[in-house]
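Enquirer: Below is one structure. I have some questions about it.
Read the figures in this text as sums done on the coordinates, not as results from a lab. The structure displayed is predicted, hence computed values, not measured ones. Cβ atoms come from the backbone with ideal geometry, glycine included; neighbour counts cover every protein chain shown.
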Amino acid sequence: MTTHRFTPSKYFNTLGTAEPVLRVANGDTIVTDTIDASGLDAREVAVASRPNPMTGPFFIEGAEPGDTLAVHIERLTPSRATGWTYSPLALTVLDPAAVADRPAPQRAVWDIDQKAGTVRLQQPVAGLEDFAPAIQPMIGCFGVAPAGGQAFSTATSAQNGGNMDYRLFAPGTTAWFPVAVPGALFYLGDGHACQGDGEIVGTGIETSFEMEVTFTVLKRAITWPRGETAEDIFTIGNARPLDQALQHATTEMSKWLGEDYGLDARAASHLMGQVVRYDVGNVFNPAFTVACRIAKKWLTKR
């Protein structure tokens, strides 16, 4: 098992079949740089175009179509002291009658204070002079190449992952992706220093990162992305409208409970009906994201 330090020189605005930038073995770790959603690097120099330019793709030896690529998020470290967001709330989360009163879009810069562990508006608006939420780094967009030679925009998400903006894609989480092409062709980027559920202003606190992830190839098939933290397992549905994303996530969780926990459809429904939790990953992008989550304390592996 080897740790590779990779410095990118080009970036991609699609997740698709491209020439890999690095080939790594099953079990290897990569440490690499990512730029922010608008293409600014650690020096705040524009080195790529929006949306969400990705680092990669990385070819993982032994990953074949029908397998699952497990990606353990070891570390997400902001590589500069500022990030940016937009306001106001997105059109997708407002009542139609409220749109007329919506203020004009405005970009705001945030200070990222890693010593204090907080983020803070550089020019606070009235009422937020003391607002300083904790840094909670997460990956907004990552995944693998889809099947059939397709290339999906980094503005959206699908079965291969993509721009899901789910807050639990954070250090300590292992994300699973269905492999559709040899080597999986894994991409990552769009790091956020902080973000509320739903990415309801169209951004998190967008900044550049140094990211460290470890790959494991699993010889099993999944349909939609999955994830695991110390406390929970979760499945991801990406679609629009929101209820379709929820359906994908729920179906994938029921399948997982059968495969790994020995629960048939009726037993899974009893469990899920009482303890499932739904999280909204993204309600801004072309495809919305819903996570179906269950605490591990309710589960016993078979």
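Enquirer: Would you mind calculating the relative contact order of the range 226-298 from Cα pairs under 8 angstrom and at least 6 residues apart, reporting the percent as a whole number? Show your work: numbers first, answer last.
Expert: On the way: 119 pairs, mean separation 29.5, N = 73.
That works out to 40 percent.
Enquirer: Placing +1 at every Lys and Arg Cβ and -1 at every Asp and Glu Cβ, with all other atoms neutral, what dipole size does the chain have around its Cα centre, in debye to the nearest 20? Walk me through the numbers on the way to the answer.
Expert: Numbers: 24 positive and 32 negative charges, 95 e Å.
Its charge dipole is roughly 460 debye.
Enquirer: Among the listed pairs K115/K296; K219/K296; K10/K115; K10/K296; K115/K297, which have their C-alpha atoms separated by more than 28 angstrom in this model? Show your work: numbers first, answer last.
Expert: On the way: K115/K296 33 Å; K219/K296 23 Å; K10/K115 31 Å; K10/K296 40 Å; K115/K297 34 Å.
With Cα atoms farther than 28 Å apart: K115/K296; K10/K115; K10/K296; K115/K297.
Enquirer: For R240 and R80, FRET efficiency with R0 = 30 Å and r from the beta-carbon atoms, rounded to 0.05? Working shown, then result.
Expert: Numbers: r = 33 Å, r/R0 = 1.10.
Result of the calculation: an efficiency of 0.35.
Enquirer: In whole Å, how far is the Cα centre of the range 49-94 from that of the range 219-295?
Expert: Computed from Cα coordinates, the inter-centre distance equals 20 Å.
Enquirer: Sticking with this one: Considering the zone a paramagnetic label at R220 would reach in this model (a point 7 Å from Cα along the Cα-to-Cβ line), which residues of the range 226-259 have amide N under 11 Å from it?
Expert: Answer for this model: 256-259.
Enquirer: Does a label point 7 Å from the Cα of E231, set along Cα-to-beta-carbon, have any residues of the range 45-77 with amide nitrogen under 20 Å, and which are they?
Expert: 73-76
Enquirer: Along the three principal axes, how long is the chain when you take its alpha carbons, biggest first, rounded to the nearest angstrom?
Expert: Principal-axis extents of the Cα atoms in the chain, largest first: 54, 44, 37 Å.
Enquirer: When we measure straight from the Cα of K301, which aspartates and glutamates land under 12 angstrom away, once same-chain ones fewer than 8 places off are left out?
Expert: E259, D260
Enquirer: In the neighborhood of R80, defined by Cβ-to-Cβ distances under 10 Å, what is the net charge if each Lys or Arg adds +1 and each Asp or Glu adds -1? Before the final figure, lay out the partial values.
Expert: Values: positive: R43; negative: D36, D41, E44.
Residues near R80 contribute -2 overall.
Enquirer: List the aspartates and glutamates whose Cα lies under 18 Å from the Cα of K255, skipping any in the same chain that are fewer than 8 positions away.
Expert: D67, E228, D232, D264
Enquirer: Mind checking the range 96-186 for trypsin sites (Lys or Arg not before Pro) that DSSP puts in a loop (not H, G, I, E or B) and that have at most 12 other Cβ atoms within 10 Å? Don't jump to the answer; show the numbers that get you there.
Expert: Numbers: sites: R107, K115, R120, R167; in loops: K115, R167.
Listed in order of number, the matching sites are K115.
Enquirer: Where q = 0.16, 0.17, 0.18, 0.20 Å⁻¹, what log10 of I(q)/I(0) comes from the Debye formula for the range 226-298, counting one point per Cα?
Expert: -0.52, -0.58, -0.64, -0.77
Enquirer: Can you pull the one-decimal nm distance between simple spin-label points at T2 and Q247, each 7 Å off the Cα toward Cβ?
Expert: Between T2 and Q247, the label points sit 4.6 nm apart.
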